[in-house]
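Visitor: There's a structure below that I have some questions on.
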Amino acid sequence: MGGAHARAWMRREGVTLLHIVPALAETWLQGDSHDDEGTSLRVVFFAGEPLLDSVVDRWRAVFGDGC
């Protein structure tokens, strides 16, 4: 599942809580436009491997600081 597809699915389903490994989160943030963003996400748990500041920064740029 590509990043745009995953983000669209989360919006469509009204996902508010996400538990994800940083490597997968990073792949969702690569390569495509994020102009269509808007999200119901409120809480994200990154676990299972080291979380880099760059992933957090990119995640916030796409999903906002409210998540």
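The values are calculated or read from the model by the stated rules, or taken from the named source; none is laboratory data. Computed from a predicted model, the values in this text were never measured in an experiment. Using ideal geometry, Cβ is built from the backbone for each residue, glycine included, and neighbour counts are taken over all protein chains shown. Protein only, heavy atoms only, side chains kept; ligands, DNA and RNA dropped before computing areas. Shrake-Rupley method; radii C 1.70, N 1.55, O 1.52, S 1.80 Å.
Visitor: Does Ser54 fit the bill of being modelled with pLDDT under 85 and loosely packed, with under 12 Cβ neighbours inside 10 Å?
Guide: No; evaluated as a whole, the condition is false for this residue.
Visitor: Can you report the number of residues in the range 40-67 which are among the polar types (S, T, N, Q) and either in contact with a Ser or Thr (Cβ under 6 Å, 6 or more places away or on another chain) or in contact (Cβ under 8 Å) with a residue 24 or more places away in the chain (or both)?
Guide: Residues meeting the conditions: 1.
Visitor: List every residue pair whose Cβ atoms sit under 7 Å apart, with the two residues 6 or more apart in sequence or on different chains, where the first one lies in the range 13-39 and is open to solvent by 40 Å² or more (accessible area, probe 1.4 Å) and the second, anywhere, is modelled with pLDDT of 65 or more and hydroxyl-bearing (Ser, Thr, Tyr).
Guide: Pairs that qualify, where the first residue is open to solvent by 40 Å² or more (accessible area, probe 1.4 Å) and the partner is modelled with pLDDT of 65 or more and hydroxyl-bearing (Ser, Thr, Tyr), are Thr16/Ser40.
Visitor: Would you tally the residues in the range 39-51 being under 9 Å from the mean Cα position of the chain (by Cα) and modelled with pLDDT under 90?
Guide: So the answer is 1.
Visitor: Tell me which of these His34 doesn't satisfy, since it passes every other one: (1) modelled with pLDDT of 80 or more; (2) in contact with a helix residue (DSSP H, G or I) (Cβ under 7 Å, 6 or more places away or on another chain).
Guide: With (1) modelled with pLDDT of 80 or more; (2) in contact with a helix residue (DSSP H, G or I) (Cβ under 7 Å, 6 or more places away or on another chain) applied to His34, the lone miss is (1).
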